[in-house]
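Chemist: This is the structure I want to talk about, given as C-alpha cells.
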Amino acid sequence: MVEMPGGGLRAGGSRHGARRLGPGLMERRLYLPRMTDCGAEALAAALRSVGIEAVVLPPPDARTLDLGARYLGGEECLPAKVTLGDFLKVVEGPGFDPSRTAFMMPTAEGPCRFGQYAPYIRKVFRDLGYPEVLVVSPTSGDGYQQVGSLGPELTRTAWRGVVASDILRKLLLKTRPYEQRPGETDAAYAVSLRQLCATLEARDLRPRARLEALRDGLTGIRDRFRALPTRYERGRLLIGIQGEIFCRMEEFSNDHLIRRLEACGAEAWLSDASEWVWYCNDEEERLLRLTGRRFSLGMLGAKLRDHVQHADEAALRAPFAEDFIGYEEPETVAEILRAGDRYLPQAGASGEMVLSAGKVDYLFRKGVDGIIDISPFSCMNGIVSESLYPRQSQEHAGIPIKNFYFDGKGEDITDDLEIFLELCRTYQRRKPHPRRYPPWFS
C-alpha cells in the first residue's frame, strides 16, 4: 500500500493484503456500496442465499461527501470519497458495533487508485479505533472468484444476479423515455427489483431450480414492462454511455446524468456491469497465456467458468430477444477488445479505457447518435479515453463523443449537455448505420 503524507491514495493496487472472504463474516452484517441500485441489491440477495446478513448502503448524499473528505488527502477520485463516506455514515449511526460490522470493498489489479481503496479504508478504521471492522476485498485479478469461498453456489448465484440486474436496468432505460404517465416505469422497476431479489436470496435452491425461477421471474418482469402505457416513436436520440464503472452506474456520483438526458428528449444505452466481469475473465486468461500457463489447471478452471457463465447468461436473456432488438450487447468481450486494439491494445493498457476504446466502434455500428464518457475528475481512464476520442470520432463518420467529469460539487452541466445533443441531432441525419428498433416502435 502506498500512503501519501496527510492521508490519501496513490496508484499501485496489489492483490497482496486483500483479505479473503470467509472467517468471521457469518457473524457480521455486511454492507455493500450502492454502485448501482439493482446490481448491488442483487449481489446482497445472493449473499443472503448462503446465510450472510448482507445489506446495501442507503443512497449517497451531501453527508457522504462531507465524511469522506475528512479522511482523504483531496486528490482522490470521487468514488473513493463516496464509498468511504458511506461507510463512515454506518459508523456514526445508532447501534454501530465494529466487531459485528463488515464492509465489502472489491479491489482491482493494475495502476488505478481503486486498487488502494480497501487497504486505505482499513487504515482509516484502525486510526479511528475500530480495528475489528472487517473489510472484505474480492479482486479482479481472479475474476472475483474469492466470492466462491463462502459457498460453492454463491459465485454462480452472484453472476446470475449481475446478469439479471443488467437486464432489469436495460428494461428501465429503454422504457422510461417513452412512458405516458411519469413515474410508472420507476415503480415497475422497484417492484421488479424486489421480486428479483426474493428469488436470488431463496435458501436451499438447487442451481437448475434457481435458474428456472429466475428465468420465469424475468419473463413476468418483461410482461410487466410491456404492459406499461407507452408511446414508442422512432427518431429519439439514442446516446451510448460508457466510462469509469462506478461513476457511470451510481446516479448521485454522475449528478443523475441519464435522467437529465431523458428530460432533454434522449434515451440512454448504459454499458452493462457484466461487461466488466467478462473483461476480467478475459484478462485473467490472457495473463495465464503470457506466463506460460496456457495448458494448466488454472486455465481449465477459467474456461469452465466461462462456459457456465455464458450458458446462464444466454438462458436469462432468452425471453428478451424481441424486446432488445437494436439493444444487443456484444456476443463476447473479445469483440470489443478487437475493435479497440488499433487505438489502445489490451496488452499495453488495462481497465475501462480498453473497453471504452472498443465500445465506440460497437455503438457506432449499432446506430447510436452520440456517446458520453462518464468519469470522476482526474480519472486516468477518462483522461486516456478522452485523448483517443477525437481520432475515433473522425474515423467513425464524426459521431459526437463527449467526456463528462464529476467531482461531487454539483456543477450545472445543462448547457454542455444541450450543446452536445444538438451535435447529436445533426449527426443523426447523416449517420451511416441506422438504428434498429423493436417491432412496437411506430
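The values are calculated or read from the model by the stated rules, or taken from the named source; none is laboratory data. On a predicted model such as this, the values are computed, not experimentally measured, just so you know. Using ideal geometry, Cβ is built from the backbone for each residue, glycine included, and neighbour counts are taken over all protein chains shown.
Chemist: Kindly provide the set of residues from region 327-360 that are surrounded by fewer than 20 Cβ atoms within 10 Å (Cβ to Cβ) and either under 15 Å from LYS431 (Cβ atoms) or acidic (Asp, Glu) (or both), ordered by number.
Modeler: Of everything in region 327-360, those that are surrounded by fewer than 20 Cβ atoms within 10 Å (Cβ to Cβ) and either under 15 Å from LYS431 (Cβ atoms) or acidic (Asp, Glu) (or both) turn out to be GLU328, GLU331, GLU335, ASP341.
Chemist: Sticking with this one: Can you pull out every residue in region 376-401 that is modelled with pLDDT under 95 and part of a strand (DSSP E or B)?
Modeler: Residue satisfying the conditions is PRO376 alone.
To keep it simple, each residue is scored yes or no on (1) under 24 Å from TYR232 (Cβ atoms); (2) more than 19 Å from the chain's Cα centre (by Cα); (3) modelled with pLDDT of 95 or more.
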residue: ILE336; (1), (2), (3): no, no, yes
residue: GLY351; (1), (2), (3): no, no, no
residue: ILE372; (1), (2), (3): yes, no, yes
residue: ASP412; (1), (2), (3): no, yes, no
residue: LEU417; (1), (2), (3): yes, yes, yes
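Yes/no matrix, rows are residues, columns are (1) farther than 22 Å from ARG286 by Cα; (2) not assigned by TED's automatic domain parsing to the domain that holds PRO434:
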position: ALA314; (1), (2): yes, yes
position: ALA334; (1), (2): no, no
position: LEU337; (1), (2): no, no
position: ARG365; (1), (2): yes, no
position: ILE374; (1), (2): yes, no
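Chemist: Let me ask you something else. Name every residue in region 317-344 that is of a type outside the set (D, E, K, R), under 12 Å from LEU388 (Cβ atoms) and not in a helix (DSSP H, G or I), in order of residue number.
Modeler: TYR343, LEU344
Chemist: Another question, then. Which residues, counting only those in region 348-368, are in a helix (DSSP H, G or I), touching a residue at least 24 places away in the same chain (Cβ under 8 Å) and farther than 16 Å from GLU395 by Cβ?
Modeler: Result: GLU352, MET353, VAL354, LEU355.
Chemist: When you scan region 168-190, how many residues do you find that are of a type in the set (Asp, Glu), part of a helix (DSSP H, G or I) and farther than 15 Å from GLU251 by Cβ?
Modeler: 1
Chemist: Something else: For region 265-276, state whether one or more residues are surrounded by fewer than 15 Cβ atoms within 10 Å (Cβ to Cβ) and under 25 Å from GLU251 (Cβ atoms).
Modeler: Yes: one or more hits.
Chemist: Criterion first (touching a Phe, Trp or Tyr at 6+ places or on another chain (Cβ under 7 Å), under 29 Å from SER49 (Cβ atoms) and outside the structural domain of GLY39 (by TED's automatic domain parsing)) does THR175 satisfy it?
Modeler: For THR175, the condition - touching a Phe, Trp or Tyr at 6+ places or on another chain (Cβ under 7 Å), under 29 Å from SER49 (Cβ atoms) and outside the structural domain of GLY39 (by TED's automatic domain parsing) - is met.
Chemist: Identify the single condition in (1) surrounded by fewer than 20 Cβ atoms within 10 Å (Cβ to Cβ); (2) at pLDDT below 95 that PHE324 does not satisfy, given that it satisfies every other one.
Modeler: (2)
Chemist: Test each condition in (1) of a type in the set (Phe, Trp, Tyr); (2) more than 30 Å from THR157 (Cα to Cα); (3) assigned to a helix (DSSP H, G or I) for PHE404 and report the one that comes out false.
Modeler: (3)
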